[in-house]
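*Asks:* Quick one: the structure is below, and I'll ask about it shortly.
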Amino acid sequence: MKNLLSMKDIKVNEIEMILTRALEFQQNSPHQLKKQMTVANLFFEPSTRTKMSFEMAERKLGLHVLPFDAGTSSTTKGETLYDTVKTLESIGVDAVVIRHEQNGFYEELMSGLNIAIINGGDGSGQHPSQSLLDLYTIKQEFGKFEGLEVTIVGDIAHSRVAKSNAQALSNLGAHVTFLCPKEWQGEFESTSSWEDVLPTADVVMLLRVQHERHAKENELPNQLYHEKFGLTKARYDQLKSTAIILHPAPVNRDVEIASDLVESEKSRIFKQMQNGVFVRMAILESVLKERF
Ligand code: CP
């Protein structure tokens with residue numbers, strides 16, 4: 001894999017390779033990088049998990065990590081993303097992880113550059129490393145994807161996580177349904193009734209309500225959202241005994257999920273974060289090995 005840009009581009013066998021390698025990293029397998037390499041993390045939108053998790057993965061792989069602060073970089077003087085990345089390539093950086101508010105920011109980086117690009121989230125487009133860690137967490141639990149019922153709940157239209165996972169899970173043989181307010185269903189058919197999904201769901205994937213991407217007229221008050229679409233204790237109690245709950249986080253407590261359920265028995269929310277380090281090690285090793 002030369003770059004990781006979108007789950008639309010990644011083949012099923014490449015997904016399986018990343019998940020297998022992530023498991024090996026979890027079991028303390030050594031990395032296969034034969035020379036010292038350098039990476040930088042360019043985050044133009046806020047992040048805690050993705051940025052810190054990539055940095056942890058980079059350190060565990062023994063990579064040099066150049067610090068980059070978008071707020072004090074020359075992008076604030078109007079330098080383009082292409083020129084910023086070309087500059088990093090020129091000084092010897094091998095790979096960049098980029099989070100950017102512009103959907104498909106990576107299109108302008110696809111020619112003229114010889115540096116690996118990893119998409120750390122593009123606007124409401126794609127979030128492939130999150131999707132891969134979600135897949136890893138599901139496989140860890142069930143050992144397969146075929147035949148699983150996955151319900152994605154919430155702000156589908158604005159969610160790069162929903163789009164990345166819907167594509168990948170369907171390709172892997174899971175059945176994906178969507179539960180959300182009609183105005184947030186985007187390109188997908190959805191239900192607005194928990195009763196349609198509670199008895200059958202194996203995985204309930206909650207999404208953060210992305211207030212920052214909403215027009216004022218599409219806002220739902222938090223309490224109303226929680227009553228209609230949030231995972232309440234009453235709904236939790238109707239889930240199958242084997243069902244699990246995922247959320248990419250950050251979580252709006254008592255909006256998408258009752259605060260008491262964030263660390264409940266069925267929740268894998270912090271397990272997802274733990275798994276993210278191994279999955280990102282596998283992603284980084286895969287793109288960097290292409291450069292030997
Ligand atoms: N899940 C996720 O992308 O979290 P951050 O925005 O904190 O990176």
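*Asks:* Condition first: hydrophobic (A, V, I, L, M, F, W, C) and within 16 Å of LEU246 (Cβ to Cβ). Can you find one or more residues in segment 183-196 that meet it? Break it down into steps so the answer makes sense when it comes.
*Replies:* Applying the first criterion (hydrophobic (A, V, I, L, M, F, W, C)) to segment 183-196 yields 184, 188, 194.
In the following step, the residues that additionally are within 16 Å of LEU246 (Cβ to Cβ) were identified as none.
No, that holds for no residue.
*Asks:* Taking into account only those residues within segment 99-111 that are open to solvent by less than 30 Å² (accessible area, probe 1.4 Å) and part of a helix (DSSP H, G or I), which is farthest from PRO248 (Cα to Cα)? Walk me through how you get there before you give the answer.
*Replies:* Initially, segment 99-111 is screened for residues open to solvent by less than 30 Å² (accessible area, probe 1.4 Å), giving 99-100, 104-106, 109.
Keeping just the survivors that are part of a helix (DSSP H, G or I) gives 105-106, 109.
Working: PHE105: 21, TYR106: 22, LEU109: 27 Å.
Of everything passing the filter in segment 99-111, LEU109 is farthest from PRO248 (Cα to Cα).
*Asks:* For residues that are away from the ligand (no atom under 13 Å from the Cβ) and in a loop (DSSP other than H, G, I, E, B), scanning just segment 30-44, find the one that is surrounded by the most Cβ atoms within 10 Å (Cβ to Cβ). Give the derivation first.
*Replies:* Filtering segment 30-44 for residues away from the ligand (no atom under 13 Å from the Cβ) gives 30-40, 42.
Narrowing the set further to residues that are in a loop (DSSP other than H, G, I, E, B) leaves 30-37.
Values: PRO30: 9, HIS31: 18, GLN32: 12, LEU33: 17, LYS34: 9, LYS35: 8, GLN36: 9, MET37: 21.
Of everything passing the filter in segment 30-44, MET37 is surrounded by the most Cβ atoms within 10 Å (Cβ to Cβ).
*Asks:* Follow-up question, since we're still on this one. Considering only segment 45-65, I want to know if a residue exists there that is surrounded by 20 or more Cβ atoms within 10 Å (Cβ to Cβ), modelled with pLDDT of 95 or more and farther than 22 Å from PHE292 by Cα.
*Replies:* Yes, that holds for at least one residue.
*Asks:* Give me the pairs: first residue in segment 37-48 and in contact (Cβ under 8 Å) with a residue 60 or more places away in the chain and hydroxyl-bearing (Ser, Thr, Tyr), second residue within 12 Å of the ligand (Cβ to nearest atom) and open to solvent by 30 Å² or more (accessible area, probe 1.4 Å), beta-carbon distance under 8 Å, and six or more apart or on different chains, which are they?
*Replies:* Pairs found: THR48/PRO250.
*Asks:* Turning to a different aspect of this structure: Identify all residues within segment 108-125 that are polar (S, T, N, Q) and within 16 Å of the ligand (Cβ to nearest atom); write none if there are none.
*Replies:* Restricting attention to segment 108-125, the residues satisfying the condition of being polar (S, T, N, Q) are 111, 114, 119, 124.
Matches in segment 108-125: ASN119, SER124.
*Asks:* For segment 144-161, name all the residues that are crowded, with 23+ Cβ neighbours inside 10 Å, over 15 Å from the mean Cα position of the chain (by Cα) and of a type in the set (Gly, Ala, Ser).
*Replies:* GLY154
*Asks:* Which condition breaks for GLN274 when tested against (1) more than 15 Å from the chain's Cα centre (by Cα); (2) of a type outside the set (Phe, Trp, Tyr); (3) at pLDDT 95 or above?
*Replies:* Only one criterion is unmet by GLN274, namely (1).
*Asks:* Of the residues that make up segment 73-96, is at least one within 12 Å of the ligand (Cβ to nearest atom), crowded, with 22+ Cβ neighbours inside 10 Å and among the small types (Gly, Ala, Ser)? Before you say what the answer is, go through the steps one by one.
*Replies:* Let us first name the residues in segment 73-96 that are within 12 Å of the ligand (Cβ to nearest atom), namely none.
Taking every residue of segment 73-96 in turn, none turns out to be within 12 Å of the ligand (Cβ to nearest atom), crowded, with 22+ Cβ neighbours inside 10 Å and among the small types (Gly, Ala, Ser).
*Asks:* Going residue by residue through segment 119-138, is there one that turns out to be modelled with pLDDT of 95 or more and surrounded by fewer than 16 Cβ atoms within 10 Å (Cβ to Cβ)?
*Replies:* no
*Asks:* Just to be sure, is PHE25 of a type in the set (A, V, I, L, M, F, W, C) and under 20 Å from ILE117 (Cα atoms)? Give the derivation first.
*Replies:* Values: of a type in the set (A, V, I, L, M, F, W, C): yes; under 20 Å from ILE117 (Cα atoms): no.
Here the answer is no, as PHE25 does not meet what is asked.
*Asks:* Please go through segment 16-44 and pick out each residue that is within 16 Å of the chain's Cα centre (by Cα) and under 17 Å from LYS289 (Cβ atoms).
*Replies:* Hits for segment 16-44 are ILE18, LEU19, ALA22.
*Asks:* Determine whether segment 180-193 contains at least one residue that is within 16 Å of the ligand (Cβ to nearest atom), of a type in the set (A, V, I, L, M, F, W, C) and surrounded by 13 or more Cβ atoms within 10 Å (Cβ to Cβ).
*Replies:* No, every residue in segment 180-193 fails to be within 16 Å of the ligand (Cβ to nearest atom), of a type in the set (A, V, I, L, M, F, W, C) and surrounded by 13 or more Cβ atoms within 10 Å (Cβ to Cβ).
The values are calculated or read from the model by the stated rules, or taken from the named source; none is laboratory data. On a predicted model such as this, the values are computed, not experimentally measured, just so you know. Please note: Cβ atoms are built from the backbone with ideal geometry, for glycine as well, and neighbour counts cover all protein chains shown. Note: areas computed on protein heavy atoms with side chains; ligands, DNA, RNA excluded. Shrake-Rupley method; radii C 1.70, N 1.55, O 1.52, S 1.80 Å.
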